[in-house]
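A.B. asks: Encoded as structure tokens, here's the structure I'll be asking about.
The values are calculated or read from the model by the stated rules, or taken from the named source; none is laboratory data. All values reported here derive from a predicted model rather than from experimental measurement. Counting neighbours? That spans all protein chains shown, and the Cβs are built from the backbone with ideal geometry, glycine included.
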Amino acid sequence: MKRTHHCNELRPEHAGQSVTLSGWVHSRRDLGGVLFIDVRDREGRTQTVFDPSDLSAELFEAATHLHSESVVEISGKVRLRPGETENAKIATGMVEVMVQSMTVLNAADVLPFPVDDPEIAAKVNEELRLQYRYLDLRRPELMRNIRLRSRIATAARVHMEAQGFLEIETPTLFKSTPEGAREFLVPSRVHPGEFYALPQSPQQYKQILMASGVEKYFQLARCYRDEDLRADRQPEFTQVDIEASFFEREDIYALIEGLLKRIWKVALDQEIQTPFKRISFEEAMNRFGIDKPDARFGMEIVDMTDDFKESQFKVFSGVVGKGGVVKALNAKGLACVTQGQMETMTNFAISHGAKGLAYIKVENGEWKSPIVKFFSEAEKEALKSKLAIEEGDLILFAADQWLTACEILGRIRLYAADVLKQQGKLVIDPSVFEFLWVIEFPLLAFDKEMNRWYSSHHPFTAPVAEDVDFLVSDPKRVRGQHYDIVVNGVELGGGSIRIHQPDVQRAVFKDVLQLDDETIKSRFGYMLEAFRYGCPPHGGIALGFDRLIALLCGTESIRDVIAFPKTAKGTDLMAQSPAPVEARQLRDLHIQTRVPQKKESAPVEKEA
RNA sequence: GGGGGCGUAGCUCAAUCGGUUAGAGCGCUGCCCUGUCACGGCAGAGGUUGCGGGUUCGAGUCCCGUCGCUCCCGCCA
């Protein structure tokens, strides 16, 4: 390699040295007689000076016509910049390189979009940026994210290694499992008509590793789910996957708190406070209306059930009579809500099955509301004191079954906070991270359409010991040994202590989830078998690595922390995948495709 | 599967109620310029308004369809 220094290295003490820089033409300033080219590499940039009196006409001419992002190797002498021409904006701004020779390693065409101006580049259509991802990645903002990702991966490995964990790779070609996310399938050539599935997570393999006596396993595991995407979801993503034997919940909490403490230190040089607060699922729903609370601001949900159980307002008292609840939320300072915003919030309520959204606007000392006339003095007083109502507030109500009422106000709380943020009435310090353990989830949830219970986490989650007896008799009462780690309203990860007794696991599959014997045997037989031959109690957790990095980079979309992300429809705009394959490949795989004909857009018949 | 937003020059955007030859900045090309660093100056090129159809004397603008990107709901054990 001819390069002697990188582009963020030269300082006044290098003056007089002959150096060679390699990098990209970041910018060119041609003053006619003298030409400046800033050479940029991963580390930074350095100004080089082309003086025609020192250089051949050919070289000077070539430099004059270089496009941005051409790759060059430049040799020359470092010197202090002449008086008054230092540039304080860049780290190498005290010096410059007087060019003696230049090799153009790759002459770039005119670019499809600018990469040198951060403000413009950040606004360029993402479609174009994904098509030319290699250009997008050259932008310092994106490169910084990718470098941080690498440093955090290393920090995680160092931490886990120090805690005695072994990094073990598990197969990417797995088998289909009946529960959970839709899977990507891979046809087998050797076994006609049979398929592998890409793992949604290495869950079953890591439990088998516990049966194998590994005791402590971790992996930066690639996972695949064929579900519709969001800003924080990709079809392929990475988890910090962890499993340990003889661990109880407290051991997991301590391990993860230590890991995150180290990561925050490495990434942001920030000391986070441990242990993290813990909140039960029930309390999270009661206070925040969601199982991943954003606890950085107040506006908590308040229970008004007792205050309205005898109310003249039948909409409330009727619900309470049927075992429901009355909940309220004070959107502080949002009495100025627009009709459109009110409609959005009402639609949240309606989409959860409510009839509408009751509210009180507090304006000019008055309670403006279609329902307040039905309230007694005592009821108004209860609202006033429990919700700390003041001028300018907006009070929103949900009267429904417990979970529904909580969820409605949970959605509205987050929406109201967004509106207040936009108005500048709610300010959240971006450097604050509110970590929470959410615990004591119900083990099971009921699927009304399918008329059966399903695992709210996954079917390997162990019930809380004292609830085991109710597994069949009263499933909804059973709590799982499940925990989620949540920060600022983002679910960073989750896990559980697992079932390690074959009889309990079989009972969950068969008696609770109502899987038939054949399915249990074919899908989980090897696990049940492994549990019979000396399987230690164990548990684990998986952290969403992409979300973690996005959080530390301060970006909304995980596409900004993944080198080659896919679009919302799961395509790669650069490589143009997915794509059709040769008929021969399909034949080898014993596959025939049946794609419905795309309907032609029929022209509308013109009337005579 | 459902709903919202977007699509005009290479890029970012404008174009009044449907009305003249679709404009601007940046970039690009050429010329000028010896201390710039968002260099500056002069001139110029560059458009299937995503695509297809319809309404209309006339469509970037209105309607229908379609494609792509994006956000949300469902979904994601």
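A.B. asks: Do we find a residue being farther than 14 Å from residue A:329 by Cα and within 16 Å of RNA strand B (Cβ to nearest atom) anywhere in the stretch A:381-401?
C.D. replies: Yes, there is a match, as at least one residue in the stretch A:381-401 is farther than 14 Å from residue A:329 by Cα and within 16 Å of RNA strand B (Cβ to nearest atom).
A.B. asks: Tell me which residues, restricted to the stretch A:117-163, are within 8 Å of RNA strand B (Cβ to nearest atom) and of a type in the set (D, E, K, R).
C.D. replies: A:117, A:123, A:126, A:127
A.B. asks: Tell me the residue from A:281, A:297, A:247 that is in contact with a Leu (Cβ under 9 Å, 6 or more places away or on another chain), among the hydrophobic types (A, V, I, L, M, F, W, C), under 30 Å from residue A:386 (Cβ atoms) and touching a residue at least 12 places away in the same chain (Cβ under 8 Å), please.
C.D. replies: A:297 is the lone residue from the list that is in contact with a Leu (Cβ under 9 Å, 6 or more places away or on another chain), among the hydrophobic types (A, V, I, L, M, F, W, C), under 30 Å from residue A:386 (Cβ atoms) and touching a residue at least 12 places away in the same chain (Cβ under 8 Å).
A.B. asks: Name the residues in the stretch A:321-359 that are touching a Lys or Arg at 6+ places or on another chain (Cβ under 7 Å) and free of Cβ contacts under 8 Å to residues at least 60 places away in the same chain, would you?
C.D. replies: A:335
A.B. asks: For residue A:262, state whether it is among the basic types (Lys, Arg) and either more than 21 Å from the chain's Cα centre (by Cα) or within 16 Å of RNA strand B (Cβ to nearest atom) (or both).
C.D. replies: For residue A:262, the condition - among the basic types (Lys, Arg) and either more than 21 Å from the chain's Cα centre (by Cα) or within 16 Å of RNA strand B (Cβ to nearest atom) (or both) - is not met.
A.B. asks: Which pairs turn up if I take residues in the stretch A:26-42 that are at pLDDT 95 or above and look for partners that are within 6 Å of RNA strand B (Cβ to nearest atom) and of a type in the set (D, E, K, R) with beta carbon separation below 6 Å, at least 6 apart in sequence or on another chain?
C.D. replies: Hits for this filter: A:36/A:29.
A.B. asks: Here are A:61, A:86, A:43: which of them is more than 8 Å from RNA strand B (Cβ to nearest atom), over 18 Å from residue A:117 (Cα atoms) and charged (D, E, K, R)?
C.D. replies: A:61 is the lone residue from the list that is more than 8 Å from RNA strand B (Cβ to nearest atom), over 18 Å from residue A:117 (Cα atoms) and charged (D, E, K, R).
A.B. asks: Among the helices (runs of 4 or more DSSP H) confined wholly to the stretch A:265-354, which include 2 or more residues that are touching a Cys at 6+ places or on another chain (Cβ under 7 Å) and not assigned by TED's automatic domain parsing to the domain that holds residue A:485?
C.D. replies: Because the criterion is at least 2 residues that are touching a Cys at 6+ places or on another chain (Cβ under 7 Å) and not assigned by TED's automatic domain parsing to the domain that holds residue A:485, the helices (runs of 4 or more DSSP H) in the stretch A:265-354 that meet it are A:281-288.
A.B. asks: Could you tell me whether any residue of the stretch A:100-107 is within 10 Å of RNA strand B (Cβ to nearest atom) and out of contact with any Phe, Trp or Tyr (no Cβ under 8 Å at 6 or more places or on another chain)?
C.D. replies: no
A.B. asks: Further question on the same structure: Being in contact (Cβ under 8 Å) with a residue 24 or more places away in the chain, crowded, with 20+ Cβ neighbours inside 10 Å, in the same structural domain as residue A:246 (by TED's automatic domain parsing) and farther than 20 Å from residue A:246 by Cα narrows it down to one residue among A:492, A:471; which is it? Talk me through it step by step, then tell me what you get.
C.D. replies: On the way: A:471 fails: crowded, with 20+ Cβ neighbours inside 10 Å.
That would be A:492, the only listed residue that is in contact (Cβ under 8 Å) with a residue 24 or more places away in the chain, crowded, with 20+ Cβ neighbours inside 10 Å, in the same structural domain as residue A:246 (by TED's automatic domain parsing) and farther than 20 Å from residue A:246 by Cα.
A.B. asks: Does the stretch A:592-603 contain any residue that is more than 10 Å from RNA strand B (Cβ to nearest atom), at pLDDT below 95, under 30 Å from residue A:436 (Cα atoms) and hydroxyl-bearing (Ser, Thr, Tyr)?
C.D. replies: No, the conditions are met nowhere in the stretch A:592-603.
A.B. asks: Then there is this: If you go through the stretch A:520-533, how many residues are loosely packed, with under 15 Cβ neighbours inside 10 Å and out of contact with any helix residue (DSSP H, G or I) (no Cβ under 7 Å at 6 or more places or on another chain)?
C.D. replies: The number of residues fulfilling the criteria is 6.
A.B. asks: Only one of these conditions is not met by residue A:378: (1) without any contact (Cβ under 8 Å) to a residue 24 or more places away in the chain; (2) loosely packed, with under 14 Cβ neighbours inside 10 Å; (3) among the aliphatic types (A, V, I, L, M). Which number is it?
C.D. replies: Among (1) without any contact (Cβ under 8 Å) to a residue 24 or more places away in the chain; (2) loosely packed, with under 14 Cβ neighbours inside 10 Å; (3) among the aliphatic types (A, V, I, L, M), residue A:378 violates only (1).
A.B. asks: Right, something else. Filtering the stretch A:177-221 down to residues that are small (Gly, Ala, Ser) and surrounded by 17 or more Cβ atoms within 10 Å (Cβ to Cβ), which residue is nearest to RNA strand B (Cβ to nearest atom)?
C.D. replies: Taking the candidates together, the pick is A:201.
Every residue, every condition in (1) within 13 Å of RNA strand B (Cβ to nearest atom); (2) in contact (Cβ under 8 Å) with a residue 60 or more places away in the chain; (3) in a loop (DSSP other than H, G, I, E, B); (4) over 20 Å from residue A:261 (Cβ atoms), yes or no:
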site: A:530; (1), (2), (3), (4): no, yes, no, yes
site: A:542; (1), (2), (3), (4): yes, yes, no, no
site: A:548; (1), (2), (3), (4): no, yes, no, no
site: A:552; (1), (2), (3), (4): no, yes, no, no
site: A:556; (1), (2), (3), (4): yes, yes, yes, yes
site: A:566; (1), (2), (3), (4): yes, yes, yes, yes
site: A:570; (1), (2), (3), (4): yes, yes, yes, yes
site: A:574; (1), (2), (3), (4): yes, yes, yes, yes
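A.B. asks: Same structure again: List the strands (runs of 3 or more DSSP E) that sit entirely inside the stretch A:416-491 and contain at least 2 residues that are in contact with a strand residue (DSSP E or B) (Cβ under 8 Å, 6 or more places away or on another chain), within 15 Å of RNA strand B (Cβ to nearest atom) and modelled with pLDDT under 90.
C.D. replies: Details: elements: A:435-439, A:444-447, A:452-455, A:482-487.
Answer list for the stretch A:416-491: A:444-447, A:452-455.
A.B. asks: Follow-up question, since we're still on this one. So, of the residues in the stretch A:544-563 that are surrounded by fewer than 22 Cβ atoms within 10 Å (Cβ to Cβ) and under 16 Å from residue A:221 (Cβ atoms), which turns out to be nearest to the chain's Cα centre (by Cα)?
C.D. replies: Among those that are surrounded by fewer than 22 Cβ atoms within 10 Å (Cβ to Cβ) and under 16 Å from residue A:221 (Cβ atoms), it is A:547.
A.B. asks: Something else: Mind checking which residues of the stretch A:27-40 are out of contact with any helix residue (DSSP H, G or I) (no Cβ under 9 Å at 6 or more places or on another chain) and near RNA strand B (Cβ under 8 Å from one of its atoms)?
C.D. replies: Residues satisfying the conditions are A:27, A:29, A:31, A:32, A:33, A:34, A:36, A:38.
A.B. asks: Filter the stretch A:64-74 down to the residues that are away from RNA strand B (no atom under 11 Å from the Cβ) and free of Cβ contacts under 8 Å to residues at least 60 places away in the same chain, then identify the one that is nearest to residue A:21 (Cα to Cα).
C.D. replies: A:74
A.B. asks: Return the residue satisfying two criteria in turn: it lies in the stretch A:59-89 and is among the β-branched types (Val, Ile, Thr) and in contact with an Asp or Glu (Cβ under 8 Å, 6 or more places away or on another chain), and of such residues it is surrounded by the fewest Cβ atoms within 10 Å (Cβ to Cβ). Quick ask: steps written out before the conclusion?
C.D. replies: Initial filter on the stretch A:59-89 (among the β-branched types (Val, Ile, Thr)): A:64, A:71-72, A:74, A:78, A:85.
Of the ones still in play, those that are also in contact with an Asp or Glu (Cβ under 8 Å, 6 or more places away or on another chain) are A:64, A:78.
Values: A:64: 14, A:78: 22.
Of everything passing the filter in the stretch A:59-89, A:64 is surrounded by the fewest Cβ atoms within 10 Å (Cβ to Cβ).
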